[in-house]
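Just below is one structure, and these are the notes that go with it.
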There are 2 protein chains.
Amino acid sequence: MAASSSVNAAQAIVGLAVSSHGSHSADRVAVPAGGFALSSLAGRSLTCSRSPRFQQQRRCPRQASRAARPRAAAVETLEAAATEALVEKSINTIRFLAIDAVEKANSGHPGLPMGCAPMGHILYDEVMRYNPKNPYWFNRDRFVLSAGHGCMLQYALLHLAGYDSVQMEDIKQFRQWGSRTPGHPENFETPGVEVTTGPLGQGVANAVGLALAERHLAARFNKPDNEIVDHYTYVILGDGCQMEGIANEACSIAGHWGLGKLIAFYDDNHISIDGDTEIAFTEDVSARFDALGWHTIWVKNGNTGYDDIRAAIREAKAVKDKPTLIKVTTTIGYGSPNKANSYSVHGSALGAKEVDATRQNLGWPYEPFHVPEEIKSHWSRHVAEGASLEAEWNAKFAEYEKKYKEDAAELKAIVSGELPAGWEKALPTYTPESPADATRNLSQQNLNALAKVLPGLLGGSADLASSNMTLLKMFGDFQKGTPEERNVRFGVREHGMGAICNGIALHSPGLLPYCATFFVFTDYMRAAIRISALCEAGVIYVMTHDSIGLGEDGPTHQPIEHLISFRAMPNILMLRPADGNETAGAYKVAVLNRKRPSVLALSRQKLPQLAGTSIEGVEKGGYIVSDNSSGNKPDLILMGTGSELEIAAKAADELRKTGKTVRVVSLVCWELFEEQSDEYKESVLPAAVTAKISIEAGATLGWEKYVGGKGKAIGIDRFGASAPAGRIYKEFGITADSIITAAKSL
Amino acid sequence: MAASSSVNAAQAIVGLAVSSHGSHSADRVAVPAGGFALSSLAGRSLTCSRSPRFQQQRRCPRQASRAARPRAAAVETLEAAATEALVEKSINTIRFLAIDAVEKANSGHPGLPMGCAPMGHILYDEVMRYNPKNPYWFNRDRFVLSAGHGCMLQYALLHLAGYDSVQMEDIKQFRQWGSRTPGHPENFETPGVEVTTGPLGQGVANAVGLALAERHLAARFNKPDNEIVDHYTYVILGDGCQMEGIANEACSIAGHWGLGKLIAFYDDNHISIDGDTEIAFTEDVSARFDALGWHTIWVKNGNTGYDDIRAAIREAKAVKDKPTLIKVTTTIGYGSPNKANSYSVHGSALGAKEVDATRQNLGWPYEPFHVPEEIKSHWSRHVAEGASLEAEWNAKFAEYEKKYKEDAAELKAIVSGELPAGWEKALPTYTPESPADATRNLSQQNLNALAKVLPGLLGGSADLASSNMTLLKMFGDFQKGTPEERNVRFGVREHGMGAICNGIALHSPGLLPYCATFFVFTDYMRAAIRISALCEAGVIYVMTHDSIGLGEDGPTHQPIEHLISFRAMPNILMLRPADGNETAGAYKVAVLNRKRPSVLALSRQKLPQLAGTSIEGVEKGGYIVSDNSSGNKPDLILMGTGSELEIAAKAADELRKTGKTVRVVSLVCWELFEEQSDEYKESVLPAAVTAKISIEAGATLGWEKYVGGKGKAIGIDRFGASAPAGRIYKEFGITADSIITAAKSL
């Protein structure tokens, strides 16, 4: 395979690039007055053997820089030495871009970029295949900085590699209003950044999703004569990520799936915000990953052991049936004489004095934000290389298209995100005569209908497939041996599941991941769902058992505050369909919203197919289901969602019998309703009608918005209970009788 | 130590109990027509060697029951055999109580109780020290069923052990409205249940908290001549728990802390809801726990290898510096001929036919809900034994009290939960002249003041101690070697942290755990916080960096929807203090609410000490901070919380200069305000005043409740941004100018 030899190829390219730029005299830097004599040429033999528990050697970088450094000159050619000198200079360029940007912003995290610059350089300059002028080229290698606080590492690399999104001006605007270099990597701000990271552990789980997407698409579309899908996913994660449960969830399932093209670098720097990791994190991480089914490698000197890093990557690529964790022991803030290897370098600017000392220590005579000419020149080849990589791939795809027409069309749809014309015709519709059914079952009908027309639909449940009703019947399980299939078995790993789906969604615009658990367990995955919303990943969250209607399992399993908690979250759609047509409508909305995730709250219990519900209604978020008034002035407006819309309809029937004019409104998606015109909203919920009652088996908070000061919200402002569902509904007063009583009091 | 020999003691007692009840003829059961010949005496040699990947042996229980079972009769005495027969009968009693209760409810989870009955029996009958007539006896061993769906196991055990909370009538009312046997174990419903479990992974993390509490209290209070604190924490967790990230978080830190008296049974039954765990969970769990620093043991035959289970517990107790994981390979639904070892037995009633078949297979001739007399008689000793265990301990405490008066008083306060008289006088107060400060710093002043007067206050941060400002300066770190200290270093494990604090809070009424992270990362621990609220654990959540005011870290770190999402959660107090007095008030409320957790949202940035704020005001949830009107009819009411109360005060000053009467109201805790009398609420927010404006740096949803239909809520209904805080406030319009503009428009 082409990819597995890319290190050597890249190294060869490095050699060429260096020799083509001739003189290396610039590598010998001027020694500032009072500084340490240090040349970047000599720097390459700066080795620092470091034990895993390295307290005795805390000052290693500075000590080493002061020590005499013997050279075994005979064994290496001058050219190789010059190449490594250039590498070291590139690495220091990355370090000082980070140092200077954080210093100017007086805010940020210099420690990680200083420690991880070597692996960053090797990845972006020697290993990864990408096209800086098209950050969205489909077959690019993906890189995720799970330890997102160290984002200046990534910005420096994107800048050197020639991405238009990170100009020098952007780096100077680090962490400022409106800049493309925010305080944590945001895919929607900075092309070249694949996913939004920062909340620890999310990134590595996103990377599992990216690698799953590659594995799945490769299995579906590659042919013996044309491996059209073929790239790696690289991730850097730190001690913080490693401690987070989500990382263990995602890495456990990645090991199960055997995602061989996922290569993770664990920045083992032994420092977190509260100090040495000895105070809270003494497990054997590599042994844990062995247990999770990963291949593990330890690079003991991540600071200057460049060849060890390169060899580790080669080894990782050679292991094709397991993901690889490369534990790279580094020094946080490497190069800072007084702050390296301490928490003080993690999340604050070094300060002018320490910046100077670091410049002296690393032999860096340049002004802030300087990229030496030979470094610019060296990196400049990536623009041309990237263009030719993409061109090669385009040619390969053209061949593929000729030979495998149907597959090519499907892959194209996945790459472009274009939905097949008329896809929405696949959505099932229902009449009031259709059999009553739980919306979770209706959801399954929709998923299975959509699976036939949407090539990018795939997903599954956190070990509740038979309860969430999420199996795609025409497909098998995505497993190590059958990665072309589309039913994903996430195990009981809700948080990892959400973040993996974010990775899938952001891999290709046409991938539509869905995932499922009980609605109450969105609490387990809320951080990942929030990232979906923030990073514009159109994941479909299929959340069943959406109320006390689940009955006997009791309050731990009965959501109460969950609807409102998602309605308050920006850029996400909270949909609670009432029956078949509304469930179809919810899916239509969810599929169309590719930059906004959707949460579907679905019933465990059977619900009748209501008269007046419609897909179009759902698209407006709120609409009139039934009304016996005229002139937009009913005596009473009843509002409901999901399983309680039926109760509102029943109460309306009763009240109409007493001569009242009653309107029933479905408020299936508040966010969509709020986006409608004022005229439309007034036509549904006229301000002049003050007798408004809502009913929903959840917290009443928030409903004041629609029922107004003179209306009444019927709901549940306590925890649920363990009993048969009907009994709980009655005891909690979620009944037509409650509505009728309330109506009389208004 | 007394505890480490308790197995032998208990076994001796078993022997006594058996021989005192004479005839064992009842052990030989009648073989029903058409059934398999099976006696519970013979059953004890029913062994089933099972490989970890045991697909070939799926039918093991049934096959074994059909096979001829040779006996090595010569090596055992008749009495020992009779004892084991009684044990087997007791285990089958547990199994059938679970089967029958689930059957009657037609809802529930029989599979786990059937598989785990042996370990359940051994724990409650042979190993654990408890007093059934006082489930709250301080020095009892704690048991947590982390796989809470299997709660019929626990109810059966509590019933047999003689707890008043689980009478036979309660078992018959399993999962019914108002019963004491809800669908998952709830500590607030069923005395004897230590914690609320069901959401997977929570229980094992609670158990870590319980074990931490024991370790801490033992280190603080035990004397060479009087080990007044001395008990174990046992937990059963299943495959589902093991997959959850929270379990790995909690077990990683438990390994770090070396909690030797924590003994976990991993019910390794290879089945989860979606089928065989082979489809999603193939990691080497024991190897992972080795890596986490645990001692691990494997009981290969958990179905009938009673002695292996006993030996494992002895071994676990002998390892004092590490927690122990006993992997117990079991068959889910053991005894059910057609459903054992399949997902179908996990979460549904067996059905009448299969119940009959299971009765035949296990040789159980009794009607439903029958406890054989010899089993009743055998278990009956626990009432007397428990009483004497407690009496012994009381005597021991009386000695302790004589000799160590001060320690005894402190321990008594922790055991009883009684707060020291006048503790609230320790709370700091402030005047408008006190220096401006961030409420996170003011929080630290409160924590340190309270640490001097509250013996049970302990806690810490998820690796953000220096940002959350949570260190208790008079104490060191709770660590393996210094467990008497009170600063807990949780590492970057928010979810585990919350659940561990629930365990600490529920260990003893006088333990007051607090824990901290950035407010936005409540998303990581929301499931644990919800359990705090549900299970009435008065944990104090110290959540700093509570808004866009944190600035450059950007939208991943800036909470928006979080305030409203906790305001909607039942039984929890969401407090957002504005300055020093309000922070002190928040702590007063949090300490007093021992059955309701509190979330304190605190600022990163400095805030002035405002005129008019008070502790008493906070206790009312909402109150008037300033007003220049009379007759409860101001022209305008401005409401704010936290860092925006200052902005409201400034706007009021400006508006008053124009001749308006303006009231400023702090709505620091909505839940407390709602609990006030209607008169009080009207005195603060008169309905007749419709010009009401709220300002809060978070989602506006929910504020309609207070500003009404004609008011205006100023807030943030989008994600945040990365920039200096002042700039974001201005760009988002969270300013006095916005209030003034809104006021003019009203």
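The table below lists the values:
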quantity: Residue count for the stretch A:145-190, restricted to those that are at the interface with chain B (Cβ under 9 Å from one of its Cβ atoms), surrounded by fewer than 24 Cβ atoms within 10 Å (Cβ to Cβ) and at positive phi; calculated: 1
quantity: Verdict on B:Ser252 being in a helix (DSSP H, G or I), surrounded by fewer than 22 Cβ atoms within 10 Å (Cβ to Cβ) and within 14 Å of another protein chain (Cβ to nearest Cβ); calculated: no
quantity: Residue check, A:Val355 part of a strand (DSSP E or B) and not assigned by TED's automatic domain parsing to the domain that holds A:Gly481; calculated: no
quantity: Residue within the stretch B:173-184 that is without any contact (Cβ under 8 Å) to a residue 40 or more places away in the chain, of a type in the set (A, V, I, L, M, F, W, C) and over 30 Å from B:Glu392 (Cα atoms) present; calculated: yes
quantity: Members of the stretch A:389-414 that are touching a helix residue (DSSP H, G or I) at 6+ places or on another chain (Cβ under 9 Å), surrounded by 15 or more Cβ atoms within 10 Å (Cβ to Cβ) and under 23 Å from A:Arg594 (Cβ atoms); calculated: A:Phe397, A:Asp407, A:Ala408, A:Glu410, A:Leu411, A:Lys412, A:Ile414
quantity: Any helices (runs of 4 or more DSSP H) falling wholly within the stretch A:595-710 and containing at least 2 residues that are more than 14 Å from every other protein chain (Cβ to nearest Cβ) and under 30 Å from A:Gly554 (Cβ atoms); calculated: A:643-657
quantity: Residues satisfying the stated conditions in the stretch B:292-310, i.e. more than 8 Å from chain A (Cβ to nearest Cβ) and over 27 Å from B:Ser336 (Cα atoms); calculated: B:Trp294, B:His295, B:Thr296, B:Ile297
quantity: Test for A:Lys402: is it within 30 Å of A:Arg142 (Cβ to Cβ) and outside the structural domain of A:Ile94 (by TED's automatic domain parsing); calculated: yes
quantity: Residues being of a type in the set (Phe, Trp, Tyr) and part of a loop (DSSP other than H, G, I, E, B) - total across the stretch A:333-352; calculated: 1
quantity: Boolean, A:Val345 is β-branched (Val, Ile, Thr), within 14 Å of chain B (Cβ to nearest Cβ) and surrounded by 16 or more Cβ atoms within 10 Å (Cβ to Cβ); calculated: yes
quantity: Test: residue in the stretch B:256-279 that is of a type outside the set (Val, Ile, Thr), at the interface with chain A (Cβ under 9 Å from one of its Cβ atoms) and in a strand (DSSP E or B); calculated: yes
quantity: Restricting the stretch B:278-291 to residues that are surrounded by fewer than 24 Cβ atoms within 10 Å (Cβ to Cβ) and touching a strand residue (DSSP E or B) at 6+ places or on another chain (Cβ under 9 Å), the residue that is farthest from B:Asn341 (Cα to Cα); calculated: B:Asp290
quantity: Matching entry among A:Asn448, A:Asn502, A:Asn441 (being within 14 Å of another protein chain (Cβ to nearest Cβ) and in a helix (DSSP H, G or I)); calculated: A:Asn502
quantity: Flag for A:Arg175 being assigned to a helix (DSSP H, G or I) and charged (D, E, K, R); calculated: no
quantity: Within the stretch A:471-527, considering residues that are crowded, with 24+ Cβ neighbours inside 10 Å and of a type in the set (Phe, Trp, Tyr), the one nearest to the chain's Cα centre (by Cα); calculated: A:Tyr514
quantity: Those residues of the stretch A:553-586 which are outside any helix (DSSP H, G or I), within 7 Å of chain B (Cβ to nearest Cβ) and among the charged types (D, E, K, R), in sequence order; calculated: A:Glu561
quantity: For B:Ala218: the one exception among (1) farther than 19 Å from B:Gly115 by Cα; (2) touching a Phe, Trp or Tyr at 6+ places or on another chain (Cβ under 9 Å); calculated: (2)
quantity: Pairs where the first residue, in the stretch A:105-130, is within 14 Å of A:Gly302 (Cα to Cα) and the second is of a type in the set (Asp, Glu), C-beta under 7 Å, 6+ apart; calculated: A:Leu112/A:Asp267; A:Gly115/A:Asp267; A:Cys116/A:Asp267
quantity: Any chance A:Ala264 is crowded, with 24+ Cβ neighbours inside 10 Å, in contact with a strand residue (DSSP E or B) (Cβ under 7 Å, 6 or more places away or on another chain) and among the small types (Gly, Ala, Ser); calculated: yes
quantity: Residues located in the stretch A:716-740, provided they are within 13 Å of A:Gly549 (Cβ to Cβ) and of a type in the set (A, V, I, L, M, F, W, C); calculated: A:Ile716, A:Ala721, A:Ala723, A:Ala725, A:Ile728, A:Phe732, A:Ile734
quantity: Residue match in the stretch B:704-721 (condition: under 21 Å from B:Glu582 (Cα atoms), buried (at least 18 other Cβ atoms within 10 Å of the Cβ) and hydrophobic (A, V, I, L, M, F, W, C)); calculated: no
quantity: Unmet criterion (only one of (1) in contact (Cβ under 8 Å) with a residue 40 or more places away in the chain; (2) within 14 Å of chain B (Cβ to nearest Cβ); (3) in contact with a strand residue (DSSP E or B) (Cβ under 8 Å, 6 or more places away or on another chain)) for A:Val492; calculated: (1)
quantity: Qualifying residue in the stretch A:647-666 (condition: under 20 Å from A:Asp437 (Cα atoms), crowded, with 24+ Cβ neighbours inside 10 Å and not small (Gly, Ala, Ser)); calculated: no
quantity: Pairs with Cβ under 7 Å, 6+ apart, first in the stretch B:717-744 and facing chain A (nearest Cβ under 10 Å) and basic (Lys, Arg), second surrounded by fewer than 21 Cβ atoms within 10 Å (Cβ to Cβ) and assigned to a loop (DSSP other than H, G, I, E, B); calculated: B:Arg718/A:Pro570; B:Arg727/A:Trp177
quantity: Selection within the stretch A:217-241 - more than 14 Å from chain B (Cβ to nearest Cβ) and in a strand (DSSP E or B); calculated: A:Lys223, A:Asn226, A:Thr233, A:Tyr234, A:Val235, A:Ile236
quantity: Filter result for A:Glu244 (within 11 Å of another protein chain (Cβ to nearest Cβ) and surrounded by fewer than 24 Cβ atoms within 10 Å (Cβ to Cβ)); calculated: no
quantity: A:Asp678 farther than 23 Å from A:Ile560 by Cα, of a type in the set (Asp, Glu) and either surrounded by fewer than 18 Cβ atoms within 10 Å (Cβ to Cβ) or more than 41 Å from the chain's Cα centre (by Cα) (or both); calculated: yes
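Quick grid of which residues meet (1) in contact with a helix residue (DSSP H, G or I) (Cβ under 7 Å, 6 or more places away or on another chain); (2) in a loop (DSSP other than H, G, I, E, B):
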position	(1), (2)
A:Pro113	yes, no
A:Glu126	yes, no
A:Pro132	yes, yes
A:Asn139	yes, yes
A:Met152	yes, no
A:Ala156	yes, no
A:Glu169	no, no
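The values are calculated or read from the model by the stated rules, or taken from the named source; none is laboratory data. This structure is a prediction, so every number in the text was calculated from the model and none was measured. Methodologically, a virtual Cβ is constructed for each residue, glycine included, from the backbone with ideal geometry; neighbour enumeration extends over all protein chains shown.
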